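First, the structure itself, so that you have it in front of you.
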Amino acid sequence: MIAIYFKGLIHTLPLFFKGLWITILVSGVSLIAGTALGVICGILRTIRKWGISRLMGFYADYMRGVPFLVHIFIIYFILPEVGIQLDPFPAATIALTVYAGAYISEIVAAGIQSVPKGQMEAATAYGLNPFQRLRYVIFPQAIRVILPPLVGEYVLLVKDSSIVSVIGLTDVTRVGWLTVQRIPEGLMVFGLVGILYFIICYPMIHLSHYLEEKISYESQ
Amino acid sequence: MLEHFSFRVIGQYMPLFLRGLWATCWISGISIFFALLIGIIACGLRLSKGRFLKKIAGIYIESIRSTPLLAQLYFFYFGLPTLHVNLNEVQTGILALALNSGAYIAEIVRAGIVSIPSGQVEAATAYGLNYLQRMRYVILPQALGVTIPALLGQFIVLVKDSSLVSLISVLELTRAGQLMASERFMPAEGFFTVAAFYLLIYYILKYLSNWWQNRLIYMEGH
């Protein structure tokens, strides 16, 4: 029996690779967009004026407090009621982008705040404008603090992308869910799903550890 | 449509939401309890001398951390019946949540133990404290102190993750929102209420975490 199921699983392998491609695509697009959003919000978060920093703080708290599942339901089921109809792919991308953006903004803000205040004052005294100060003084130093947790956050992003399967996007998890209806060998099917995620996430986790060690070694 | 936002229907569904909230709380509570046990054991094995045990703990931690919880949940949900292990949905959910969080807790506890300078242990030994006394008065107070904010952070993640058990039809907070959304066609009312309840839990835990951190700083100052 198991041999027949195994054969069946081999036949559905192309579907799994298609699903893997969707997973990579949806997390890749949200990774880029989320990083951009996170950097902007992280910079805004360090502005202690007009309640901007408090607003960004609430954005981060909201995303930290509300499960991604609820978040994606809100985007997929509630936006149509205000007239914004979204297909599963854009809805998933937007949900992941906004979600990852919040976490990345916290990482970026922490990175910027880790740079000693004197650096900023010295840059101002040199006559650099705010953009130049960020570009040439703050970021080159902050990036060392930002990079390791940022890569860690990307791992979370890939893993969270499995949840977009609930709105019908056929990523790896959804392919597994569909397959298990015909091949009732849950361990085998979801073992394969796990292996596919493992191939993406494991190297990224190690990259994050490597960066962390390298940076703490350099700063000694 | 948002001008038709109906607080009346939310009120009607409040008993269901409160049941869901209660289920979310106790499922998370039991899961974090088992996760702590699993995490401390896994961490102990990882720091142990036995190469085989070390390897097993390493494989467990790495494979959990590299795969999504949803895949793990489906793995147990669809996989355990084929092994003739019959758990109901709630038990399967708790199993998946506890195993998942256990791997992260193992890393948190390890970081806490590693963070204590070896000089502390040496000084305590020089003071004539035995192993238990060293643990009780020197190592654990420091290790636990620094890990508790991280553990509370992990608990926040666990509460959020527990929403996924709604996908294997366990009635908890998210499921309550889904039910209201589908029965009354009111996704906004359903999911915003759910989000509000989750935020409430989040702010309570965050407050506790901050309070503990301030206490730590205060204790260090004295």
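The values are calculated or read from the model by the stated rules, or taken from the named source; none is laboratory data. Given the structure is predicted, the values throughout are model-derived calculations rather than measurements. A quick note on method: Cβ atoms are made from the backbone with ideal geometry, for glycine too, and the neighbour counts reach across all protein chains shown. Calculation scope for accessible area: heavy atoms of the full protein, side chains included, ligands and nucleic acids excluded. Shrake-Rupley method; radii C 1.70, N 1.55, O 1.52, S 1.80 Å.
(1) at pLDDT below 90; (2) open to solvent by 80 Å² or more (accessible area, probe 1.4 Å); (3) farther than 28 Å from A:Ser165 by Cβ: which one isn't true of B:Phe33, the others all being true?
(1)
The conditions are (1) open to solvent by less than 40 Å² (accessible area, probe 1.4 Å); (2) among the hydrophobic types (A, V, I, L, M, F, W, C); (3) under 26 Å from A:Val29 (Cβ atoms), and A:Leu147 fails exactly one of them. Which is it?
Among (1) open to solvent by less than 40 Å² (accessible area, probe 1.4 Å); (2) among the hydrophobic types (A, V, I, L, M, F, W, C); (3) under 26 Å from A:Val29 (Cβ atoms), A:Leu147 violates only (1).
Taking segment A:76-119, which residues are of a type outside the set (A, V, I, L, M), free of Cβ contacts under 8 Å to residues at least 40 places away in the same chain and assigned to a helix (DSSP H, G or I)?
A:Phe77, A:Pro80, A:Glu81, A:Pro90, A:Lys117, A:Gly118, A:Gln119 - these are the residues of segment A:76-119 that are of a type outside the set (A, V, I, L, M), free of Cβ contacts under 8 Å to residues at least 40 places away in the same chain and assigned to a helix (DSSP H, G or I).
To keep it simple, each residue is scored yes or no on (1) modelled with pLDDT under 90; (2) open to solvent by 40 Å² or more (accessible area, probe 1.4 Å).
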residue	(1), (2)
B:Ile59	no, yes
B:Asn86	yes, yes
B:Asn100	no, no
B:Leu129	yes, yes
B:Tyr137	yes, yes
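Sticking with this structure for a sec: Take A:Ile47 and tell me if it is assigned to a helix (DSSP H, G or I) and of a type in the set (A, V, I, L, M).
No: the conditions fail for A:Ile47.
Condition first: more than 19 Å from the chain's Cα centre (by Cα), open to solvent by 60 Å² or more (accessible area, probe 1.4 Å), at positive phi and hydrophobic (A, V, I, L, M, F, W, C). Can you find one or more residues in segment A:50-70 that meet it?
yes
Only one of (1) of a type in the set (D, E, K, R); (2) without any contact (Cβ under 8 Å) to a residue 40 or more places away in the chain; (3) within 9 Å of chain B (Cβ to nearest Cβ) is not met by A:Lys159, so which one is it?
Evaluating A:Lys159 over (1) of a type in the set (D, E, K, R); (2) without any contact (Cβ under 8 Å) to a residue 40 or more places away in the chain; (3) within 9 Å of chain B (Cβ to nearest Cβ) leaves (2) as the failure.
Name the single residue, out of those in segment A:170-220 being buried (at least 20 other Cβ atoms within 10 Å of the Cβ) and among the hydroxyl-bearing types (Ser, Thr, Tyr), that is nearest to B:Leu164 (Cα to Cα).
The qualifying residue nearest to B:Leu164 (Cα to Cα) is A:Thr173.
Does segment A:45-83 hold any residues that are charged (D, E, K, R), away from chain B (no Cβ under 11 Å) and out of contact with any helix residue (DSSP H, G or I) (no Cβ under 6 Å at 6 or more places or on another chain), and which are they?
Across segment A:45-83, the qualifying residues are A:Arg48, A:Lys49, A:Arg54.
Restricted to segment B:199-222, and to residues that are at the interface with chain A (Cβ under 9 Å from one of its Cβ atoms) and without any contact (Cβ under 8 Å) to a residue 40 or more places away in the chain, which residue is surrounded by the most Cβ atoms within 10 Å (Cβ to Cβ)?
My answer is B:Leu199.
A further question on this structure: Could you please give the count of residues in segment B:176-188 that are facing chain A (nearest Cβ under 10 Å) and open to solvent by 10 Å² or more (accessible area, probe 1.4 Å)?
Total meeting the criteria: 6.
If I ask for residues that are under 22 Å from the mean Cα position of the chain (by Cα) and aliphatic (A, V, I, L, M), which ones from segment A:114-150 would you list?
Passing the criteria: A:Ala142, A:Ile143, A:Val145, A:Ile146, A:Leu147, A:Leu150.
Can I ask one more? Could you check, for segment A:167-178, whether at least one of its residues is more than 10 Å from chain B (Cβ to nearest Cβ), on the phi > 0 side of the Ramachandran plot and at pLDDT below 90?
Scanning segment A:167-178, I find at least one residue that is more than 10 Å from chain B (Cβ to nearest Cβ), on the phi > 0 side of the Ramachandran plot and at pLDDT below 90, so the answer is yes.
Among the candidates A:Tyr62, A:Tyr99, A:Tyr136, A:Tyr76, single out the residue that is modelled with pLDDT of 80 or more and touching an Asp or Glu at 6+ places or on another chain (Cβ under 9 Å).
That would be A:Tyr99, the only listed residue that is modelled with pLDDT of 80 or more and touching an Asp or Glu at 6+ places or on another chain (Cβ under 9 Å).
Between B:Ile116, B:Ile10, B:Ile94, which is of a type in the set (Val, Ile, Thr) and at pLDDT 85 or above?
B:Ile94
Same structure, new question: Quick check, is A:Tyr197 among the hydroxyl-bearing types (Ser, Thr, Tyr) and more than 9 Å from chain B (Cβ to nearest Cβ)?
Against the criterion (among the hydroxyl-bearing types (Ser, Thr, Tyr) and more than 9 Å from chain B (Cβ to nearest Cβ)), A:Tyr197 does not qualify.
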